[in-house]
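In what follows, a single structure is set out as structure tokens and then discussed.
Any read-out appearing in this document is the output of simple, stated calculations on the displayed coordinates, not a laboratory observation. Keep in mind it's a predicted model, so treat the numbers as computed, not measured. All Cβ positions, even for glycine, are placed from backbone atoms using ideal geometry, and neighbour counts span all protein chains on display.
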Amino acid sequence: MSNNNVTNPPKQVVREYLERRTRDNTPPPSPEEIRRQLGWGLMVPDFKPSLGRS
């Protein structure tokens with residue numbers, strides 16, 4: 001099991017984002033784009049994807 005750190009945006013940033021989205025009539029962005037906009041993601045130092053199954 002690896003030790004990954006998850007970065008979470010502050011609650012106020014999420015609230016502001018949701019308020020902007022409720023006023024916007026365009027379709028919502030992808031989950032990946034939402035995470036990018038909020039700075040929400042995994043901090044994985046030196047991550048290298050595996051080429052095969054273990």
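Taking amide H as placed 1.01 Å from N in the peptide plane, residue 41 has its amide H under 5 Å from the amide H of 7, each at least 5 places away in sequence or on another chain.
Taking a Cβ cut-off of under 15 Å around residue 27, the surrounding Lys, Arg, Asp and Glu residues balance to a net charge of 0, with basic ones at +1 and acidic ones at -1.
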